[in-house]
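Structure, as structure tokens:
The values are calculated or read from the model by the stated rules, or taken from the named source; none is laboratory data. This structure is a prediction, so every number in the text was calculated from the model and none was measured. Backbone-built Cβ (ideal geometry, glycine too); neighbour counts: all protein chains shown.
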Amino acid sequence: METAADLVAAEDLLLFVNAAITSTGQREFHSDAAEQQASLEFLHEYVRVNYRDLYAAALALDVNDHNAALIAWNLLISAGEATPEQRRLEGRLIARRLELLPPQRVYRLFRRLRRAGVNNRRTRAIMRDWLNSRPDLAFHAVKYRGLLKEAFRHAHLKPPGELGDFLFQWRRRRRYTTPVLDAWRRAHYEREAIYRLPYTVAEGFAAHHRIPRKVFLERIEPNLTRLERLRLQETARELKVDGVRADLTRMPLTRLAGYVLSLPPSTRAERREELTGALRAAARRTAGDQAGRWGRVVAVLDDSYSSSGSGHKRRRPLAVALACHFLLEALAGEYTPLWLSGRRDALLARPYGATPLGECILDALELAPERLLIVSDGWDNAPPGLAAEVLRVWRSRLDPDGRCEVVHLNPVYDAEGYDVRRLSPAVPTAGVRNAENMPALVELARFASGRGGLAELRAHLDRRVAAFLGETRLGETC
Amino acid sequence: MLTLDGLTVRPAQVWGGVRLVPLIRDEPIEGLRLEPELYEEACGVVQVDERTCYASYIPHGFVARWSAEGVSAAYGTQLRGRTERRYLPARMAMRFHRRMARRADTGRLRFLPLHLAMEGYLSLHFGGPEIAWEEWSREALRKGLSPRVEEAYHGAEIRGLEDALRIFEIHHGQCGVLLYIGDALAAAFIVPHPADYRALHPTLLQDMYGELLYHHAVLATAVPDFRAAIDDARVRSLADLRAEAARQHREWAAFHDSAMAAGLLEGEYTVEEVYRMGPFRLSRFLPSFRRDAENHIGEIITDQAGRPAYLKTFRLSRAQVRRGRLLTLLAAHDWRLSAAAEALGVPEHALGMRLEAAGLGALLRRDLLERFRARARR
């Protein structure tokens, strides 16, 4: 028997997961960074205090890196509130999640722990295990030198081999046997050595040696990571450095969509085949064996002005919509996209105009799809509330059996409402950060529609946690 | 009487106490994007610049540059590339009665006439008494109302306006906006072409707003959205649902025009033609200065059919309305104080005190004013 408390718990948790998927504490279109952070901080504390086990279990979900680090932080600073059993599970969850996080985020978490003076046994153990399991600590020592130094200090660890000297008194040794450490030492006075360093570190040395950007990019090209390469595409094009040209088909879908949207429309039109091909390939790869299995799908995609995001998250909501468009194209058997602006050519999408969601949803329902996906920040304003009314009346009068499954995906956290903005109680809303997670989110959104209660939600979480902890393969993170 | 002919009202967007009602034009008014030929034929005073891509008439913001040839006003939105920045924009000389100046005071921005409409209001009976009745001071007879100063608030001072303008989503084909602060109509802004609107939307923040609106912005809490509401019982099919949705639009437009914008649209105005360019007329207008009505001053460009191609209004505050009303009253009675007082139905000294309270006391002879004060005290 479900009690009211259970329902509230399920609701709170879903709300928290939505927030933890979407918000990054950065500025959004409607709210600034401080508002986002304050709102998020409150939510974390609220969930941690009231539902500690569910809070920890959120680490197993697709929450974004910012929130994963925040959860780990909150769990570590409040270890006293947990039972020994809880602590053990939390420790495993945190350790597992740290494996998946990008190293700079982990180091930043360590630094924050150090600055706050959090140095309990569990924290030290987690730091020790994480550092010990790095396959290439010397590389980290070069790339994240300051951060690694702090981590070693804080965890009371002795760096292995010559690493200790390198971190704390690098001038002491004449030379280092590890190539990357030695390259770093030599890079201080030798131009050639900088090309053996990671790109971000080499960039500083290049400025120091006054190496022209073009020459630098040509030489450093083999050391670029996948995402660095993507970021440098336009710079390389301008400087005519051909080597940096990335194989776009290998990029993660949402990142790729963001890159495409950063290009001016004329360039997009010129490179239409290349870009479309890359987006389709990324979408097919993401869809995997689900490709073509979703039946008749219609998507309502938001390209209103608010999808331009903010200075921090430039065009992010639109990039998510564009990525969803291509992913759905791969997933669906029969697919119709409806952009709010009435645009037909997705590749040339640009954030402009109002948000007439209501009418667009009407158009979509007229096509009688099996699944209707709405990707929007939920600021329905032409007229306000029409989308909610249309969905409500549709559900109550025209489709009471739920023949058409409607899901709203929202890429923007609404700081004021402590949740992503919902369109209507009749339709489940899930936060989305990367279009790649869409299939999982659509499943999670099922709980939001009230069909799954807390027990089912807990079972779902337990499954996810078990899979998360048992999983050995490193997931693709981006 | 003003109309919004040729423009369709779209649903409002609300942020805090600010409500923005977009106006859509089905077809932009093309003629007003003054072509170089048109400059030569219609307005000879315009320097023709071949680099000018297009232009429309804009009163302020970009306007009013001091130069050797006197005051000139830019012909509005002129898209200029990097190379053209060095040159002055194409502009036309305008006949202002006074020089312009602008000075920031603590926390307030004070404007001497900044643009056409304001100048129109300020120059209302600016010459002072036309007949040298004995009650007027020598100063008033010699210099008229000079110097005449009005105060207004810069848009950036209006709380919430900046955010509201930033997050406002401009509609496709939008050519204008009605700006409400605390649900009081603050300004109407209409341009001939959507591209102009896009370029000029941020200038709303640089406009000036009356005192009333400043206080509204400070005191007003968030205004509610007019949310759509559909009656379940009327819907049997998807077509019904669509019809109901369309009805929401119609009802909103009707409600807006009849209730929210009525004060602007149904007011009585005194229109003065300022300039004529081909089929278009630039005029400025003054309101009725009635106490119980909204009083907007503004400037308007109308086409042959009388539709507004360009409109910009400023809402007068209470004190400004009072001054306007008194001056119009005096002028209507040939500046005879007794006649004006009679028309108002008050004794002469009461009118004198009203003049003083409105900040026009300096017009009256000093000894007369003292006498009025003494009588008022009694």
So, in segment A:28-63, of the ones that are touching a Gly at 6+ places or on another chain (Cβ under 8 Å) and buried (at least 20 other Cβ atoms within 10 Å of the Cβ), which residue ends up farthest from A:I94 (Cα to Cα)? A:F29
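Considering only segment A:355-451, give the helices (runs of 4 or more DSSP H) lying wholly within it that have at least 2 residues that are over 22 Å from B:A245 (Cα atoms) and of a type in the set (A, V, I, L, M, F, W, C).
Because the criterion is at least 2 residues that are over 22 Å from B:A245 (Cα atoms) and of a type in the set (A, V, I, L, M, F, W, C), the helices (runs of 4 or more DSSP H) in segment A:355-451 that meet it are A:438-448.
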Among the numbered conditions (1) part of a helix (DSSP H, G or I); (2) surrounded by fewer than 19 Cβ atoms within 10 Å (Cβ to Cβ); (3) among the basic types (K, R); (4) free of Cβ contacts under 8 Å to residues at least 60 places away in the same chain, tell me where A:R134 comes up short. (1)
Does segment A:277-299 contain at least one residue that is away from every other protein chain (no Cβ under 14 Å), within 30 Å of A:D401 (Cα to Cα) and in contact with a Phe, Trp or Tyr (Cβ under 6 Å, 6 or more places away or on another chain)? yes
Index of the failed condition, B:S317 passing every other in (1) closer than 29 Å to B:P192 by Cβ; (2) in contact with a strand residue (DSSP E or B) (Cβ under 9 Å, 6 or more places away or on another chain); (3) away from every other protein chain (no Cβ under 11 Å): (1)
When segment B:198-251 is examined, which residues are found to be basic (K, R) and not in a helix (DSSP H, G or I)? B:R227, B:R236
Given the condition within 8 Å of chain B (Cβ to nearest Cβ), in contact (Cβ under 8 Å) with a residue 40 or more places away in the chain and not charged (D, E, K, R), answer yes or no: does some residue in segment A:330-353 qualify? yes
Determine which single condition B:Q248 fails, assuming it passes every other condition in (1) under 21 Å from B:F189 (Cβ atoms); (2) polar (S, T, N, Q); (3) within 14 Å of chain A (Cβ to nearest Cβ). (1)
Can you name the condition, by its number, that A:A82 falls short on among (1) touching a helix residue (DSSP H, G or I) at 6+ places or on another chain (Cβ under 8 Å); (2) within 16 Å of A:T24 (Cα to Cα)? (2)
Within segment B:256-266, is even one residue without any contact (Cβ under 8 Å) to a residue 12 or more places away in the chain, within 14 Å of another protein chain (Cβ to nearest Cβ), exposed (fewer than 12 other Cβ atoms within 10 Å of the Cβ) and in a helix (DSSP H, G or I)? no
Please verify whether segment A:407-415 includes one or more residues that are closer than 23 Å to A:L331 by Cβ, within 14 Å of chain B (Cβ to nearest Cβ) and of a type in the set (D, E). no
Out of B:E299, B:E272, which single residue is under 23 Å from B:V191 (Cβ atoms), touching a residue at least 60 places away in the same chain (Cβ under 8 Å), over 13 Å from the mean Cα position of the chain (by Cα) and part of a strand (DSSP E or B)? B:E272
Filter segment A:452-478 down to residues that are assigned to a helix (DSSP H, G or I) and among the charged types (D, E, K, R) and give me whichever is modelled with the lowest pLDDT. A:E456
Total residues in segment B:193-238, condition within 14 Å of chain A (Cβ to nearest Cβ) and within 14 Å of B:R19 (Cβ to Cβ): 6
Which of the residues belonging to segment A:51-67 are of a type outside the set (S, T, Y) and free of Cβ contacts under 8 Å to residues at least 40 places away in the same chain? A:R52, A:D53, A:A56
I'd like the residue in segment B:335-367 that is among the charged types (D, E, K, R) and farther than 18 Å from B:R318 by Cα and, out of all such residues, is surrounded by the most Cβ atoms within 10 Å (Cβ to Cβ). B:E348
If I ask for residues that are closer than 20 Å to A:E273 by Cβ and within 19 Å of the chain's Cα centre (by Cα), which ones from segment A:226-247 would you list? A:L230
Spot the failing condition for A:R210; the list is (1) loosely packed, with under 14 Cβ neighbours inside 10 Å; (2) in contact with a helix residue (DSSP H, G or I) (Cβ under 9 Å, 6 or more places away or on another chain), and only one is missed. (2)
Residue count, segment A:167-194, condition among the aromatic types (F, W, Y) and crowded, with 19+ Cβ neighbours inside 10 Å, comes to 2
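Only one of B:I190, B:I170, B:I181, B:I158 is within 14 Å of chain A (Cβ to nearest Cβ) and over 25 Å from B:S338 (Cβ atoms); which?
On inspection, the qualifying residue turns out to be B:I170.
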Pull up segment B:273-331, narrow it to residues that are among the acidic types (D, E) and in contact with a helix residue (DSSP H, G or I) (Cβ under 6 Å, 6 or more places away or on another chain), then point me to the one that is farthest from B:E348 (Cα to Cα). B:E299
Of the listed residues (A:L75, A:L89), the one being touching a residue at least 12 places away in the same chain (Cβ under 8 Å) and crowded, with 20+ Cβ neighbours inside 10 Å is A:L75
It is to be established whether one or more residues within segment A:365-380 are within 8 Å of chain B (Cβ to nearest Cβ), buried (at least 24 other Cβ atoms within 10 Å of the Cβ) and among the β-branched types (V, I, T). no
Which of the residues that make up segment B:347-364 are in a loop (DSSP other than H, G, I, E, B) and at pLDDT below 90? B:A358, B:G359, B:L360
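To keep it simple, each residue is scored yes or no on (1) touching a residue at least 24 places away in the same chain (Cβ under 8 Å); (2) more than 14 Å from every other protein chain (Cβ to nearest Cβ); (3) within 27 Å of A:V320 (Cα to Cα).
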residue	(1), (2), (3)
A:T3	no, yes, no
A:L15	yes, yes, yes
A:A19	yes, yes, yes
A:H30	yes, no, yes
A:A38	yes, yes, yes
A:F42	yes, yes, yes
A:R48	yes, yes, no
